[in-house]
Amino acid sequence: MIEERGARSEERGANATARQRSPLAPRPSLFAPRCSPLALRPGGLELTDRALAHCALPEGARVWDVGCGYGETVAHLSQRGFRAGGVDLSLARLVEARTRAGEACFAQASAMALPCASASLDAVFAECVWSVCAGGRALAEWHRALRPGGWLALTDVYARHAMALPLECATSCWGGLPIERDVRDALKDAGFETMAWEDHVAALNAYAAQMIWRQGSLAPLLGVGADQPDAQAALKAARPSYFLLVARKR
């Protein structure tokens, strides 16, 4: 939540308290303040909290992070009072994740085969994961795992304009960016009702800037090099962005 510092009067203090209690209060940055190097995605934990603000989850709710990586989100969810868990394909990352959230449940598993009973989860978080999954299969599995009325929080890349990337360049999550309508339709077809959609292009831009600073170019992120001008032009025309979507199981 936004912190108000240096309040010089009771009135300002009261206003600060009111802002703290507003779950959707605007934030000055979605990347810089709290993006740990372990949160390998645009927006970091700021978008995790943004998603939580949309979900009516009670303390103790069972929440799993799909593609949990080093466990940053799982540890954060545990600190927020949820019964958190995470799955990832990388055993090495899971070993490190357990050092951060040892009380949480971790499992080496695919996003499309969660090791849990049907209708057993209150929420599923998939942060920058859906774009590298078989979309429909993953959504069907998350729908199975969620209880009726359970929450699904997605953050991922999308195109603000439809794109046509050359097939030989269709690598990584940028190979077939969906537009907003495609994402909403996929959720509807899988049995979800979209409750919130937010565009966070600023978070993507900040992440891209960090990538350039650390690695010298965006090629490792995009999978498109300087020798692929057609692919670069297609990506530019698509106007890539980053979305936060929160949905409920019907």
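The values are calculated or read from the model by the stated rules, or taken from the named source; none is laboratory data. Model, not experiment: these values are computed from the prediction. For neighbour counting, all protein chains shown are included, and Cβ atoms are generated from backbone atoms with ideal geometry for every residue, glycine included.
Name, by its number, the condition in (1) over 16 Å from the mean Cα position of the chain (by Cα); (2) at pLDDT 85 or above; (3) part of a helix (DSSP H, G or I); (4) of a type outside the set (K, R) that does not hold for G149. Exception for G149: condition (3). Within the stretch 116-128, identify whether any single residue is without any contact (Cβ under 8 Å) to a residue 40 or more places away in the chain and within 18 Å of the chain's Cα centre (by Cα), and answer yes or no. No, the stretch 116-128 contains no residue that is without any contact (Cβ under 8 Å) to a residue 40 or more places away in the chain and within 18 Å of the chain's Cα centre (by Cα). Selection of the stretch 50-66 for residues being modelled with pLDDT of 95 or more and within 26 Å of A203 (Cα to Cα) yields R50, A51, L52, A53, H54, C55, L57, V63, W64, D65, V66.
For R83, the conditions (1) modelled with pLDDT of 50 or more; (2) closer than 23 Å to S131 by Cα are fulfilled apart from (2). If you filter the stretch 160-196 down to residues that are assigned to a helix (DSSP H, G or I) and at pLDDT below 65, you find that the one that is surrounded by the most Cβ atoms within 10 Å (Cβ to Cβ) is W174.
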